[in-house]
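Visitor: If you scroll down you'll find the structure; I have some questions about it.
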Amino acid sequence: MIVLNGGMQGLFGAFQSVVNPADEVLVFSPYWTPIKDLIAHCEGKPVLVPTNEAREDGFEKTLTRYSTDRTRAIYYNTPQNPTGVVFTPDEARAVSRFAGERDLIVIADEAYEDLVYDGEHCSIASLDGMFERTITVFTLSKSYAMTGWRLGYTVAAEPWMTGLKKTTLYSSNGVSTPTQWAALAAFTTESDMLETNRVAYLKRRDLLLAGLNELGLICEKPAGAFYAFPDVSRVSRDSRKAAEILLDRAQVAHRSRRRLRRTR
């Protein structure tokens, strides 16, 4: 294990340790947009694998369809940002079988591991034969609301750990001592915070979904994380235009900022 400056540094180090120029990385989509840039920074190529397609047609069949002889790794994020999808244990096993058969590395992003409402979180590295080929990235930002502390950690075996150590040494050179003491306090202090927060997020999820569906912005129920991914086609079939309308006409972001200022 290596302690890092947030989950982002863990992901940066993971891709730098695995991806070489011209390598391809299978990325379940929709995906957290910085992932594309992290892969591009290694001169690799992200290959988007629609999550819905994988769930409908089967993970191994779908991953086979999108893979080539240049495929090097799989980016595996559960619960997912931005959809809130939680991959089931059976789905995790399907991905692990595919990775094992193709000798691929899995970069597992588990930032939202403690925010699961439906089903259960399955860490893919815990499956048989997967620890040696998985780099798992964790953060305290979501579970413990410690975003500003910039603290995370990554678990991996060699040779990936050597790469992670090098990227840390030649970038931040480490994590501040006070921040590490804060993490220790978060992990060791007896508290019902994790469950209390999970229940609070669950109530907010249900309230948000009810409002979106009432407006006609149909949204599948996210099983984890704190995102909603509604169908905005009634606003506009062009997603960028829909986002601009929500920003400029409905002033969604403006109202959020104003509400934030009132709570400071």
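Visitor: For the stretch 95-170, build the charge dipole from Cβ charges (+1 Lys, Arg; -1 Asp, Glu) around the Cα centre, then report which of Thr154, Phe131, Ala111 sits farthest towards its positive end.
Guide: Comparing the listed Cα positions along the dipole, Thr154 ranks first.
Visitor: Separate question: Measuring with a 1.4 Å probe in the full set of protein chains, what accessible area per residue, in whole Å², belongs to the stretch 3-125?
Guide: 39
Visitor: Compute the signed sum of charges (Lys and Arg +1, Asp and Glu -1) over the other residues within less than 12 Å, Cβ to Cβ, of Asp118.
Guide: Cβ neighbours under 12 Å give a net charge of 0.
Visitor: Based on the mean of other Cβ atoms within 10 Å per residue, sort peptides 51-60, 166-175 so the most packed one is first.
Guide: Final packing ranking: 51-60, 166-175.
Visitor: Let me ask something else about it. Name the most mobile residue of Ala92, Ala228, Ala253, meaning the one with the largest mean-square fluctuation, in a Gaussian network model of the chain with Cα contacts below 10 Å.
Guide: Among Ala92, Ala228, Ala253, the largest GNM mean-square fluctuation belongs to Ala253.
Visitor: With every protein chain present, what is the per residue accessible area of the stretch 132-264 (1.4 Å probe, Å²)?
Guide: 68
Visitor: Let me know the charge dipole size of the chain about its Cα centre in debye, to the nearest 20, where only the beta-carbon of Lys, Arg (+1) and Asp, Glu (-1) is charged.
Guide: Result for the chain is approximately 1420 debye, rounded to the nearest 20.
Visitor: What's the carbon and sulfur percent of the stretch 90-160's accessible surface, probe 1.4 angstrom, rounded to a whole number?
Guide: The C+S portion of the solvent-accessible surface of the stretch 90-160 is 48 percent.
Visitor: Roughly what % antiparallel, to the nearest 5, for the DSSP beta bridges in the chain?
Guide: 30
Visitor: While we're here: Mind checking the dipole of the stretch 1-152: about its Cα centre, +1 per Lys or Arg Cβ, -1 per Asp or Glu Cβ, Debye to the nearest 20?
Guide: In debye, rounded to 20, the stretch 1-152 gives about 360.
Visitor: At 222 nm, what value in deg cm²/dmol follows for the chain if DSSP H runs of at least 4 each add -39500 (n - 2.57) and the sum is divided by all its residues, to the nearest 500?
Guide: Computed mean residue ellipticity for the chain: -13500 deg cm²/dmol.
Visitor: Something else about it: Percent of accessible area on the stretch 1-56 owned by carbon and sulfur, 1.4 Å probe?
Guide: So the carbon and sulfur contribution to the accessible surface is 52 percent.
Visitor: What shape does the stretch 1-126 have by the C-alpha gyration tensor, where a ≥ b ≥ c are the square roots of the eigenvalues, rounded means a/c under 1.5, and otherwise prolate means a/b greater than b/c and oblate the rest?
Guide: oblate
Visitor: Also: So for the chain, Kirkwood radius off the Cα pairs, Stokes-Einstein at 20 °C and 1.002 mPa s: how many µm² s⁻¹?
Guide: Roughly 108 µm²/s, to the nearest whole number.
Visitor: Add +1 for every Lys or Arg and -1 for every Asp or Glu among the other residues with Cβ under 13 Å from the Cβ of Pro159, and state the total.
Guide: +1
Visitor: Asp206: net charge of surrounding residues, Cβ under 14 Å, Lys/Arg +1, Asp/Glu -1, itself excluded?
Guide: Value of the local net charge: +2.
Visitor: What is the magnitude of the charge dipole of the stretch 114-213 about its Cα centre, with +1 placed on the Cβ of each Lys and Arg, -1 on the Cβ of each Asp and Glu, and no other charges, expressed in debye to the nearest 20?
Guide: With only Lys, Arg, Asp and Glu charged at Cβ, the dipole is about 480 debye.
Visitor: Next question. Express the carbon and sulfur contribution to the solvent-accessible surface of the stretch 163-252 as a percent, rounded to the nearest whole number, probe 1.4 angstrom.
Guide: After summing per-atom areas, the C and S share lands at 56 percent.
Visitor: Put +1 on the Cβ of every Lys and Arg and -1 on every Asp and Glu Cβ in the stretch 1-125; which of Pro46, Thr62, Gln80 then has its Cα farthest towards the positive end of the dipole?
Guide: My answer, from the dipole projection, is Pro46.
The values are calculated or read from the model by the stated rules, or taken from the named source; none is laboratory data. As the structure is a prediction and not an experimental result, all values here were calculated from the model. Counting neighbours? That spans all protein chains shown, and the Cβs are built from the backbone with ideal geometry, glycine included. Just so you know, the surface numbers come from the protein's heavy atoms only, side chains and all, with ligands and any DNA or RNA stripped out. Shrake-Rupley method; radii C 1.70, N 1.55, O 1.52, S 1.80 Å.
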